[in-house]
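Engineer: Okay, handing you the structure first.
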Amino acid sequence: MKSGDSNGWIADTILDTVPCGFLSFGDDGIVQAANAMLISLLQGEDGSPVGRHLEGFLTVASRIFYQTHLFPLLRVTGRADEIYLALRTGQGEEVPVLINGVRRERDGATVYDCILVPMRRRSQYEDEILRAKRGLEEANLAKEQYRRELEERNAQLEELREGLEVQVERRMAELRTAVADQEGFSYAIAHDLRSPLRAIVAASEILREEVGESLNAEHQALLARQAFNGLKMSSLIDDLLRFARLGRAGVVRETLDLSELAAKEFAALTLPAYPTPPDFRVQSGMTATGDRTLVRMVLRNLIQNAAKYSPDGGEIRIGWTEEKGRRVYFVRDQGIGFDMRHAGKIFRPFERLVDSDRFQGNGIGLATVQRIIDRHGGAVWFESELGKGSTFFFTLE
Ligand code: ADP
């Protein structure tokens, strides 16, 4: 303890070892005593603040505060609690301290005894807490902003989705109307063409029967060609009508024995007059769920084609495999096959890859198959190789 007066050594020792600074100053502000902790806090070059004015080791702001607040408070009320000041050390560093002070009368004079608790740590903690708090606030702000942005985006997406739904619904309605119109149109045309055609065919029949004998060979052939083409057109119209009706028919699903249906269709088929008939085989126990009439039409068309396009016989095989959990049915032949490069159009009505003189047909069979499979929610596709044969695959759901 560096003090101007002479207290007992015990008090001095205690004051020097307590973990806070102590100083005593008079009315004139001159420091009369300071303990070791305060001296080490101040790191004064000349060792001790004793004998110097207190303001000499306060920062400018603290000096003003001392004059306007701490000192008047001590003098008037006799005590000051938790006054926050900043000391300035010999190295010019600032040390924040908390001061508690009391006024005393000692040896007939007024002195002010103060303890100073350094606040370096606390300020540091406070700074850290403040920083953390600010960080948290910023993070919360960012979070809030992000949430708002997300909400906005969701709202935009929702709007977009609703708009799209409306658009899709409108387009679907337009499409449904267009399809219905088209179906109605082809149905009406096909239907209205029938009676005049029947009249033409009937007329040529009558002519052939009644005056046919009197005609020369060339005219007889012309008449026969007229009747033949009339009948051909009539069958085309029937196919067209059937195809158009497909768009309207409802799909009634039931469990079907495809093996049995395929065998029946093959048996009912008028086989083309080829020298070697095909060897027809059906995998047994083949079941499916679908509309009986429509699925029969699928089988009929595929089996008919397999037979028609196998002029040299070979095997026609009908069976099924399982692919990715769904049943895939197939009709395979070893006939003429076709070049896969030109095959893109064979599901379109009236599209054929063969010569009509050699293979009769009107190109509506596969279009019918595709429409029926579509109506079942399935898929149809094929694999083929020119001269080796073809396989048509289909699913029904
Ligand atoms: P069509 O047999 O009356 O011509 P489809 O619509 O049934 O009509 O078939 C379209 C075309 O696809 C056929 O003209 C033919 O070129 C080809 N095609 C269909 N099935 C086979 C098959 N099994 N083998 C070879 N070609 C086929």
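Nothing in this text is a laboratory measurement; each read-out follows from the coordinates by a stated rule. Here the structure is a predicted model, which means the values were calculated and not measured. Here Cβ is always computed from backbone atoms with ideal geometry, including for glycine, and neighbour counts include all displayed protein chains.
Engineer: Would you mind giving the three semi-axes, in whole Å and largest first, of the ellipsoid equivalent to the chain according to its Cα gyration tensor? Write down the numbers at each step before the final one.
Structural biologist: On the way: eigenvalues 2738, 120, 56 Å².
Over the Cα atoms of the chain, the ellipsoid semi-axes are 117, 24, 17 Å.
Engineer: Something else: When the chain is modelled as a GNM with alpha-carbon springs shorter than 10 Å, which of Lys133, Lys345, Lys232 fluctuates the most?
Structural biologist: Most flexible of the set in this elastic network: Lys133.
Engineer: Taking the Cβ-Cβ separation of Glu137 and Ala178 as r and a Förster radius of 56 Å, what is the calculated FRET efficiency to the nearest 0.05?
Structural biologist: On the way: r = 60 Å, r/R0 = 1.07.
Calculated value: 0.40.
Engineer: GNM, the chain, Cα, under 10 Å: largest mean-square fluctuation among Arg134, Arg352, Arg296?
Structural biologist: Highest fluctuation of the listed residues: Arg134.
Engineer: Now a separate question. What spacing in nm lies between the two simple spin-label points modelled at Ala379 and Arg121, each 7 Å away from Cα in the Cβ direction?
Structural biologist: Taking the simple label geometry, Ala379 and Arg121 are separated by 7.3 nm.
Engineer: Here is a follow-up. Calculate the dipole size of the chain relative to its Cα centre from +1 charges on Lys and Arg beta carbons and -1 charges on Asp and Glu beta carbons; express the result in debye to the nearest 20.
Structural biologist: On the way: 51 positive and 59 negative charges, 235 e Å.
Charge dipole of the chain: 1120 debye, to the nearest 20.
Engineer: Using a Förster distance of 56 angstrom, determine the FRET efficiency expected from the C-beta separation of Thr77 and Ala155, and round it to 0.05. If you can, show how the numbers build up before the last one.
Structural biologist: Values: r = 63 Å, r/R0 = 1.12.
Result of the calculation: an efficiency of 0.35.
Engineer: Treating cross-link reach as a plain straight distance, find the lysines whose alpha-carbon is under 22 Å from the alpha-carbon of Lys143, omitting any fewer than eight places away in the same chain.
Structural biologist: Lys143 reaches Lys133.
Engineer: Quick check on my link table: of Lys232/Lys308; Lys264/Lys345; Lys308/Lys345; Lys345/Lys388, which ones sit more than 24 Å apart, alpha carbon to alpha carbon?
Structural biologist: In this structure, Lys264/Lys345 lie more than 24 Å apart at Cα.
Engineer: If you don't mind, another one. Please turn the phi angles of the stretch 295-300 into ³J(HN,Hα) values with the Karplus equation 6.51 cos²θ - 1.76 cosθ + 1.60 (θ = phi - 60°), one per residue in order, whole Hz, x for glycine and proline.
Structural biologist: Per-residue couplings from phi come out as 5, 4, 5, 4, 4, 4 Hz.
Engineer: Given a 10 angstrom Cα cut-off, can you work out which residue in Pro196, Pro278, Pro72 is the most mobile in a GNM of the chain?
Structural biologist: Of the options given, Pro72 has the highest mean-square fluctuation.
Engineer: Can you tell me the convex hull volume per residue for the stretch 89-143, based on C-alpha atoms, in Å³ to the nearest whole number? Write out the running numbers ahead of the final one.
Structural biologist: Details: hull volume 5.9 nm³, N = 55.
For the stretch 89-143, the hull spanned by Cα atoms encloses 106 Å³ per residue.
Engineer: Say R0 is 35 Å: what FRET efficiency, to the nearest 0.05, do Leu215 and Lys345 get from their beta-carbon distance? Intermediate results must be reported in sequence, preceding the final value.
Structural biologist: Working: r = 42 Å, r/R0 = 1.20.
Efficiency for this residue pair is about 0.25.
Engineer: Could you give each residue of the stretch 177-188 its phi-based ³J(HN,Hα) in whole Hz, using Karplus coefficients 6.51, -1.76, 1.60 with θ = phi - 60°, and x for Gly or Pro?
Structural biologist: In residue order, the calculated couplings are 5, 4, 5, 4, 4, 5, 5, x, 5, 5, 5, 4 Hz.
Engineer: On to the next question. How many Å³ per residue does the convex hull of the Cα positions in the stretch 218-311 occupy?
Structural biologist: For the stretch 218-311, the hull spanned by Cα atoms encloses 111 Å³ per residue.
Engineer: Along Cα→Cβ, 7 Å out, is where each label goes; now give me the distance between the ones at His53 and Lys388 in nm to one decimal.
Structural biologist: So the label points at His53 and Lys388 sit 11.2 nm apart.
Engineer: Under a 5 Å amide H to amide H cut-off, with H placed in plane at 1.01 Å, what residues pair with Thr289 once short-range neighbours are removed?
Structural biologist: When sequence neighbours closer than 5 places are left aside, the close amide H contacts are Leu256.
Engineer: Continuing with the same structure: For the chain, what does the helix formula give at 222 nm: sum of -39500 (n - 2.57) over DSSP H segments with n ≥ 4, over the residue count, nearest 500 deg cm²/dmol?
Structural biologist: On the way: 9 runs with 191 residues, N = 397.
After summing the helix terms and dividing by residue count, I get -16500 deg cm²/dmol.
Engineer: Explain nothing, just compute: Karplus ³J(HN,Hα) = 6.51 cos²θ - 1.76 cosθ + 1.60, θ = phi - 60°, for every residue of the stretch 307-322 in order, whole Hz, x for Gly and Pro.
Structural biologist: Whole-Hz 3J(HN,Hα) from phi for the stretch 307-322: 6, 4, 8, 10, x, 9, x, x, 9, 10, 10, 10, x, 8, 10, 10.
Engineer: Helix 365-376 against the longest principal axis of the chain: what's the angle in degrees, Cα atoms only, rounded to the nearest 10?
Structural biologist: 40 degrees
Engineer: Using modelled amide H (1.01 Å from N, peptide plane; none on Pro or chain starts), what sits under 5 Å from the amide H of Leu58, excluding residues fewer than 5 places away?
Structural biologist: Hits under the 5 Å cutoff: Arg88.
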